[in-house]
Amino acid sequence: MRVSVVIASKDRPALLANVLASLAPQIASLGGEGEIIVVDDGSTPPYENSSTTGVTFLRTGGVGPARARNHGVRFARGEVICFTDDDVVVQSGWIEAALRHLDAHPEAAGVTGDTTSPPFSPLWEHSVEDHDGGSFLTCNVAYRRSAFVAVGGFDRLFPHAAHEDRDLAMRVTREVGPVGYEPSMRVVHPGRAFRAVQWWRRGRLAVDDWLFLARYPELKASRRSAKWAPWTGAAHRWRSIARETGAFRSPRKFVRWLIVAGGQLMVSAWTISRSWRYLSERDVRPVTGLRHGGWRIAYVGPSPNPAAGGAPGVAGLLVPELLAAGHSVDVYVVASREDDDPCALGAQEGLNYIIERSSFRFERWYSRHRLTKMMSSQLFAAQGRRRLGRRLRAMHRATPYDFVYQFSAMESIGIPRNLDVPIIMHPSVHAAGERRWLTDEHRRRISDEGALKHVVVSTWLLLRAWRQGRDARRATGILAIGRSFGDEIVRDYRVRAELVKVVPNCIDFAAIAFTPTVGSDVLVVGRLAVRKGLEVVAQVTDEWAMSRSVSEAGVRFRIVGNHSLWSDYRSTLQRCNDEVTVIDGYLPRAAVMEMMSRSLALLQLSRYEPFGLTVAEALASGLPVVATRIVGAAEELADDVVWRTEIGASEVHDVVSALHEIASLSLEDRQSLSLRCRAEAQRLFTPSVVAARLEAAVSELLATR
């Protein structure tokens with residue numbers, strides 16, 4: 001097909017009908033080589049398309065003109081994409097003039113035409129004119145599809161009808177070829193009445209001016225600083241309008257000028273004074289709509305780092321998958337001054353880092369004790385996230401986010417409460433669950449932590465649970481990393497069950513060695529802390545030492561991990577049977593991965609485990625798992641790779657029986673089991689699989705908002 005005409009429209013059915021009527025004979029003259037695509041950007045009510053022949057109607061949800069036009073181009077089939085608006089009158093021969101110019105100038109990437117306006121009063125009406133093609137107005141421009149696609153389409157960082165057209169033309173000119181001018185390619189833009197409040201709101205477009213001038217500083221006409229250039233530019237325009245309309249000679253015109261101009265300049269000054277400090281250093285690289293036409297996401301959480309373990313590692317795997325799926329992500333990170341560079345994902349198109357440095361330091365009076373170090377680091381991080389929240393608000397108002405993706409933590413510190421944006425939580429743990437098992441184990445004297453320390457930690461977790469519950473009920477939805485974890489959030493924080501979806505963690509298969517070999521070690525990997533079931537592990541080692549056969553004499557229990565800042569269960573491990581137990585303490589992640597590749601099984605007897613990354617990593621290493629039923633990573637596994645046990649009286653016997661069963665397998669059967677473990681891990685925990693589940697869950701949650 002030769003030509004596609006794309007029109008973005010909202011709530012203007014009568015005006016749209018007029019422009020379609022003027023385009024219909026031009027499309028018909030192309031003999032089937034032309035089409036019209038109308039993108040209804042959230043009109044209320046939606047446009048009716050049943051009575052309009054030869055026009056394809058698409059619908060978006062109020063995403064703004066740039067994104068709406070990109071959406072239309074995705075469905076367009078023409079070699080040339082012509083853009084116009086619903087409030088113009090397209091003159092006869094418009095399409096023919098565009099094609100004629102492009103045919104005559106093969107080096108041209110696009111062409112713009114003459115836009116004129118009947119006489120109008122700028123005090124009461126809005127219109128635009130361009131008689132030399134220098135404005136590249138989207139009511140009168142055409143691009144070769146190849147050129148439009150090459151630059152990625154309109155930049156979605158321009159959400160308003162301001163600068164998105166000039167920016168596109170500048171990028172096309174720089175990267176592909178010139179955009180020519182054809183005077184016979186004419187449209188008429190009649191004046192359109194506006195209310196004063198509509199023009200006041202245009203004062204907020206200072207943020208778009210900043211972005212455009214930062215990207216093209218050579219186009220800044222004012223000698224004023226970049227900060228005040230939008231205000232001075234608007235002031236000069238209104239001074240010229242006053243002279244042209246004689247506003248100073250007519251009381252009626254002067255009052256109107258004062259209301260409209262004064263209101264816009266006041267809003268502009270307020271926007272500049274409030275937003276400049278947060279937007280002056282924003283990333284000005286384009287976020288092109290064709291390559292990143294999906295969600296615009298504000299990620300709030302730990303710095304994504306695929307080489308790290310835990311939550312940062314999971315985030316480091318998920319964020320690139322979201323980028324590959326066409327979404328754009330702004331990563332909001334708090335890092336202390338002593339942290340390494342938090343930009344572990346590097347420079348990627350569609351990815352932007354907003355970093356706030358906290359003043360937390362090691363070996364200060366507040367960070368010398370393990371407990372105060374944990375609490376003070378969280379307090380410093382909370383302060384940093386509050387400062388980060390101000391930047392998030394400014395960025396959202398400049399270019400709205402589709403949702404905030406709150407990863408790992410459940411406290412929404414740093415996410416402004418008055419920000420009209422969906423919040424999707426993807427927590428790693430919740431304080432109510434931690435506190436429940438802290439209290440239970442202290443009451444049963446499993447823990448030997450002192451009473452004072454228990455009270456301090458319990459109170460700290462109680463306060464966090466209160467805050468988390470409040471924030472969870474505020475969220476649009478919660479992505480639980482396990483079904484049991486989701487059920488606990490519903491129960492503990494009184495969240496509606498339909499707002500909780502299960503999306504597991506993912507793992508980096510490239511970093512996990514796999515060879516279908518079999519060793520003799522039973523691994524226990526994780527924190528030596530509350531709710532990890534270490535007292536049961538000790539009982540299992542005793543039972544195993546008494547019940548093992550001669551052929552199982554080489555089986556050892558290897559316990560790998562360190563205590564947490566506020567919970568230390570190392571003394572519990574003293575109850576393990578010395579004959580069959582080796583306590584390694586902390587080992588680097590690479591050493592643990594290597595150990596998994598040559599062991600017999602992984603033991604995960606946690607009493608509360610939202611996910612358990614070690615389970616997924618063990619399976620990826622070819623290692624079968626013995627786990628309690630509440631371990632999130634084990635919930636969806638096939639029964640032939642995991643041996644599940646209930647928490648209760650028969651638990652020790654069930655675990656020992658499962659280990660006997662695994663140890664008694666022949667070498668061939670154990671190698672086959674290893675292959676099935678790897679396949680099951682790939683089925684559930686591959687980053688692309690988890691990202692697809694995340695997209696489906698978020699889509700469902702956003703649809704119910």
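No lab work stands behind these numbers, since they all come straight from the coordinates. Quick caveat, the model's predicted, so the values are computed rather than measured. Because the Cβ atoms are built from the backbone with ideal geometry, glycine has one as well, and the counts that use them run over all protein chains shown.
Each of Val522, Met596, Ala627 was scored by the projection of its Cα onto the charge dipole of segment 509-685, and the greatest displacement toward the positive side belongs to Met596; charges sit on the C-beta of Lys, Arg, Asp and Glu. Using only Cα atoms, locate the centre of segment 524-589 and the centre of segment 384-400, then give the distance between them in Å, rounded to an integer. Rounded to whole Å, the Cα centres lie 46 Å apart. Tell me whether segment 534-655 comes out rounded, prolate or oblate; compute the Cα gyration tensor, take square roots of the eigenvalues as a ≥ b ≥ c, and use a/c under 1.5 as the rounded threshold. In terms of gyration-tensor shape, rounded. Near the amide H of Thr60, within less than 5 Å, lie the amide hydrogens of Asp40, Asp41, Gly42, all on another chain or at least 5 residues away, with H placed in the peptide plane.
The relative contact order of the chain, computed from alpha carbon pairs under 8 Å that lie at least 6 residues apart in sequence, is 9 percent.
By other beta-carbon atoms within 10 Å, ranking Thr245, Thr459 with the fewest at the front produces Thr459, Thr245.
With 5 Å bins beginning at zero, the pair-distance distribution over Cα atoms of segment 194-293 amounts to 2, 12, 19, 19, 17, 13, 9, 4, 2, 1, 0 %. Think of segment 3-193 as having a plus end and a minus end, set by charges on the Cβ of Lys, Arg, Asp and Glu; of Ala97, Ser43, Ala193, Ser43 sits farthest toward the positive end of this dipole.
Separation of segment 205-229 from segment 434-456 is 59 Å, based on Cα centroids. The charge dipole of segment 524-639, taken about its Cα centre with unit charges on the Cβ of Lys, Arg, Asp and Glu (plus for the first two, minus for the last two), comes to roughly 240 debye.
Of the GluC sites (Glu not before Pro) found in segment 95-198, the ones in coil according to DSSP and having at most 16 other Cβ atoms within 10 Å of their Cβ are Glu107, Glu129. Electrostatic tally near Leu673: other residues with Cβ closer than 14 Å to its Cβ, Lys and Arg +1, Asp and Glu -1, net -3. With K and R counted +1 and D and E -1, the other residues having a Cβ less than 15 Å from that of Ala229 yield a net charge of +3. Within segment 569-676, the trypsin sites (Lys or Arg not before Pro) that combine a DSSP coil assignment with at most 15 other C-beta atoms in a 10 angstrom radius are Arg629. Normalising by residue count, the chain has a Cα convex hull of 187 Å³ per residue. Compared with the dominant principal axis of the Cα atoms in the chain, helix 13-28 is inclined by about 80°.
For segment 412-553, the relative contact order comes to 26 percent (Cα pairs under 8 Å, sequence separation of at least 6).
Within segment 370-473, none of the GluC sites (Glu not before Pro) combine a DSSP coil assignment with at most 12 other C-beta atoms in a 10 angstrom radius.
Hey, got the dipole for the chain? About the Cα centre, +1 on K and R Cβ, -1 on D and E Cβ, debye to the nearest 20? Write down the numbers at each step before the final one.
On the way: 89 positive and 78 negative charges, 725 e Å.
Dipole size: approximately 3480 debye.
Placing +1 at every Lys and Arg Cβ and -1 at every Asp and Glu Cβ, with all other atoms neutral, what dipole size does segment 194-244 have around its Cα centre, in debye to the nearest 20?
Details: 12 positive and 4 negative charges, 34 e Å.
Value, rounded to 20: 160 debye.
Each residue of segment 170-184 is assigned a 3J(HN,Hα), and the resulting list reads 5, 5, 4, 4, 6, 9, 10, x, x, 10, x, 10, 10, x, 7 Hz, derived from the Karplus form 6.51 cos²θ - 1.76 cosθ + 1.60 (θ = phi - 60°), x at Gly and Pro. Panel order for Met546, Met266, by other beta carbons found within 10 Å of each beta carbon, from fewest to most: Met546, Met266. Amide H contacts of Gln406 (H built 1.01 Å from N, in plane; Pro and chain starts excluded): Val300, Ile424, Met425, His426 sit under 5 Å, all sequence-distant by 5 or more or on other chains.
Pairs of alpha-carbon atoms within less than 8 angstrom and 6+ residues apart define the contacts here; what relative contact order does segment 194-293 have, in percent? Walk me through the numbers before you get to the answer.
Values: 77 pairs, mean separation 44.1, N = 100.
Relative contact order comes out at 44 percent.
Which is the longest part of the chain that has none of the chymotrypsin sites (Phe, Trp or Tyr not before Pro) sitting in a DSSP loop with at most 10 other Cβ atoms within 10 Å?
Values: sites that count: Phe362, Trp365.
That gives 1-361 as the longest site-free run.
Converting phi to 3J(HN,Hα) with the Karplus coefficients 6.51, -1.76 and 1.60 and the offset θ = phi - 60°, segment 234-245 yields 5, 4, 5, 5, 6, 5, 5, 5, 4, 5, 5, 8 Hz in sequence order, with x at every glycine or proline.
Please give the net charge around Arg192, taking every other residue with its beta carbon less than 9 angstrom from that of Arg192, where Lys and Arg add +1 and Asp and Glu add -1. Write down the numbers at each step before the final one.
Numbers: positive: none; negative: Asp87, Glu125.
Residues close to Arg192 contribute a combined charge of -2.
Under a 5 Å amide H cut-off, with hydrogens placed 1.01 Å from N, Tyr181 pairs with Thr112 among residues at least 5 apart or on other chains. Whole-Hz Karplus values for segment 658-669 come out as 5, 5, 4, 5, 5, 5, 7, 5, 5, 4, 5, 5 Hz, taken residue by residue from phi with 6.51 cos²θ - 1.76 cosθ + 1.60 and θ = phi - 60°; glycine and proline positions read x.
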